[in-house]
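Since every read-out is calculated from the coordinates, none of them should be taken as a lab result. Bear in mind the structure is a predicted one, so any value in this text is a computation, not a measurement. When we count neighbours, we look across all protein chains shown, and the Cβ atoms used for this are built from the backbone with ideal geometry, even at glycine.
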Amino acid sequence: MFNAKVKSDVLKGIIDVTSPLVNEAKFNVTSKGISLRAVDPAHVAMVDLEIKSKAFEEYKADEMELGIDLDKFSGIMRLANSGDMISLEYDEDANRLIIKIGNLVRKMGLIDTAGMPDSKAPNLTLPAKIIIKASELSQGVRASEAVSDHLTLSVDKDTFELFAEGDTDTVHLKLPKDMLVELTTQGKHKSLFSIDYFSNMIKSVKGDDPITISMGTDNPIKVDFDFADKKGHVSYLLAPRIESD
Amino acid sequence: MEDWTEKYRPKTLSDVVGNERALGSLRTWARTWTGEKPPKKKAVVLSGKPGTGKTSSALALARDFKWTVIELNASDARNQETIKRVATAGAINETLDMFGNYQDSRAGGRKLIILDEADNLYEKIEKSEGSASDFSDRGGKKAIIETIKITGQPIILIVNDYYGLIKGGGESLKDITTVITYYEVNTGQIVDLLRRICREENISTDLKLLQLIAEKSRGDVRSAVHDLQSLCIGRQQVDVGSLDALGYRDREKIIFDALRDVFKTKNIQNLRDITFSVDMNPDTFLLWIVENLPREYLAIDDLIRGYDAVSKADMFFGRVSKRQYYGLWPYACDLMTGGVAVAKTRNYGNDRYYPPSWMKALKSSKPVRGIRDSVALKLGRQCSVSVRKSRGFILPEFISLFQNDIHFACAMKRRLNLSEGETEYLLGEKHVHKLKEILECAEKTDDKQVEIENVRSDVKRDDGKKEMKVDGRQPSLFDF
């Protein structure tokens, strides 16, 4: 059983953080909330999302899985305005999700989740941790996009740096420790990442909201932030770029 | 039922049937990837006929080397954008496997990018009108070449036709890839595989049958396994006799090839020739196309256009039979082959075709229809109507009476002189228990009934007489 009422903005938030990476996803529903963990088709990034039942206005659920086509779902959510109340109900007999937006009733067929693997949270030691305001980071990433398709992130005990180099142009963002919310690291660390993945990960966070970055040297990067009034949390993992010579 | 070609897909490279030499080259290439830096030839092309083990060995290789697999085949739209988003992105970045574990390439954690049916990319712009999704493979070849140039991960391209890959903008692939050719697998090896499958499935069989299947497959392991499976459905024992069940197999081979041409190519000139070489009437060929169309064209827009072409062809067949003018056949043929062929905007991975289920249903229901018509004929004679009318209007009511009124049934069996089979048919499965009773009753009453009827008519006649007598009592004028 799954029966919930929720503001459209929360659902849009879920779509914003998942749809850039995966087209189809298996949502694990429990009485406490909904979670999702999925690897993108190119096997480069993973999204790990958790949203508490508190984020919903009403929430009643047993343990179950919902296989959702995110392109389709995001199309449906475009029918709703910001602030609309949306009711979700699982129709077990037809394996459909009944979505009510005002007087509109939309029944959406679900995907079979049988073939979808259960990803675990990988065990990684990432020695550096940076908490940064979203606006600061996205400015640097936006600038880099115009120059190259990959960027270097580096950190030492005093600064966090972002560097992108194209054929003729470069971008360099240097943030000293006092401009960051937090910076803890043991030693220097540096890794290279694809910009389009990285920018997709941070684009839904706006303004002064904090983003937590965990990284090491030539290791995946972990990007964490809250959404839906801190009742939802998303954590991305991005594999580094292979350095070509 | 599980597809045996998937169930028995080789788990490791040494399980792949045949082509030892190709497998050796593939393994050697894979070993060059185990160092820290990518080798010079970052991609290989596996080229060979269908069913020779190309895809199987690519997947088995990944398993042997514990590599994560990204596979793009004909069921994905492989345009520039998809290839960039999946293959290119995968090629230049490190890997998280399907469980989210980090696979560091310096520690041998590679991901294998498999581009299946890479010679089947449509380069032309074929955006279907009014549809939002683009299924064409536009610019796909260019994207593949670029991906190979910058990749940090191993790539395998799989093709049936190496020339098809190289021509039209693919020349540079010659320099940056190694070609590994797969040959038709020899019959003995196929027989061994078939025997192993039979053992696993607990099916007893004779060697001669397996040999026949293997020979007919002409080195195509997949089709041999398919054939074996279709023979074994619902059986524990198969022998050469079972092969008669697929008696029209050889002729089907040609029709299968023709279907493949209709569904896989767009060359209308070629298709015209094929229609002539198929040994069946064009309207039968149409049934084959109709049966397989929805299995092939998975994109809804393609399917709609395909059905549209088929329906137009059918209109011409209607005119042919109405006017008995066979000059209209070519129009119908072109519509059903060429029309269906150009209806697609992409190629599909399907390679199983089935005979028309309509014809099969017709064939299996033939005895039943025969009985029905003979009953309808007898009934029609009795009621002085045509067989068609008797079948359509009288028979349903008649059956209902027959099933629910046992006396009626007895009488009718006698009157219409129905055989046992016909009586059984009329009773249907639900009322078949009454059969014995009716047969006995009909036999017993054969003579009695006549008597009873005679008696009845006598009574009637008597009544008439009596009435006449009563009437007779009325004095006539002459009495006075």
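Annotations
- Membrane-span-like helices of chain A, defined as complete DSSP H segments with a Cα extent of 15 Å or more along the helix axis and a mean Kyte hydropathy of at least 0.5, are identified as A:8-18.
- In segment B:310-345, the chymotrypsin sites (Phe, Trp or Tyr not before Pro) that fall in loop regions by DSSP, at most 11 other Cβ within 10 Å: B:Y325
- Average other protein chain Cβ within 10 Å of Cβ, residues B:79-90: 3
- Taking a sphere under 11 Å around the Cβ of B:L335 and counting the other residues whose Cβ falls inside, with K and R at +1 and D and E at -1, yields a net charge of -2.
- Mean-position separation - Cα centroids, segment B:35-84 and segment B:158-214, in angstrom: 16
- Along principal axes, Cα extents of segment A:128-238, largest first, whole Å: 44, 29, 25
- For segment A:2-113: rounded, prolate or oblate by the Cα gyration tensor [a/c cutoff 1.5]: rounded
- Qualifying trypsin sites (Lys or Arg not before Pro) in segment B:1-73, where qualification requires a DSSP coil assignment and no more than 11 other C-beta atoms within 10 Å, comprise B:K40, B:K66.
- Convex hull volume of the Cα atoms of the protein assembly as shown, normalised per residue: 268 Å³.
- With q set to 0.12 Å⁻¹, the log10 of I(q)/I(0) for segment A:67-174, from the Debye formula over equal scatterers at the Cα positions, is -0.78.
- Test item: A:42-54 mean partner chain Cβ contacts at 10 Å: 4
- Going from the residue with the fewest nearby Cβ atoms within 10 Å to the one with the most, B:F276, B:F393, A:F160 rank B:F276, B:F393, A:F160.
- The residues B:V240, B:V221, when put in order of fewest to most other Cβ atoms within 10 Å, stand as B:V240, B:V221.
- In the elastic network of chain A, a GNM with C-alpha springs shorter than 10 Å, the most mobile of A:N200, A:N103, A:N219 is A:N103.
- Of the trypsin sites (Lys or Arg not before Pro) in segment A:50-85, the ones in a loop by DSSP (not H, G, I, E or B) with at most 11 other beta carbons within 10 Å are A:R78.
- Chain A pair-distance distribution - Cα-Cα, 10 Å bins, rounded %: 7, 30, 32, 20, 10, 1
- Peptides A:132-138, B:200-206 ordered by average Cβ neighbours within 10 Å, highest first: A:132-138, B:200-206
- Between A:N23 and B:K322, the FRET efficiency estimated from the beta carbon spacing at R0 = 51 angstrom works out to 0.55.
- Packing order of peptides B:363-370, B:399-406, highest average first: B:399-406, B:363-370 (average count of other Cβ atoms within 10 Å over each peptide's residues).
- Dividing the mean sequence gap of close Cα pairs (under 8 Å, 6+ apart) by how many residues segment A:128-238 holds gives a relative contact order of 30 percent.
- Within a Gaussian network of chain A (alpha carbon springs, distance under 10 Å), most fluctuating of A:G232, A:G33, A:G207: A:G207
- Highest-MSF residue in chain A out of A:G140, A:G102, A:G67 [GNM, Cα springs under 10 Å]: A:G102
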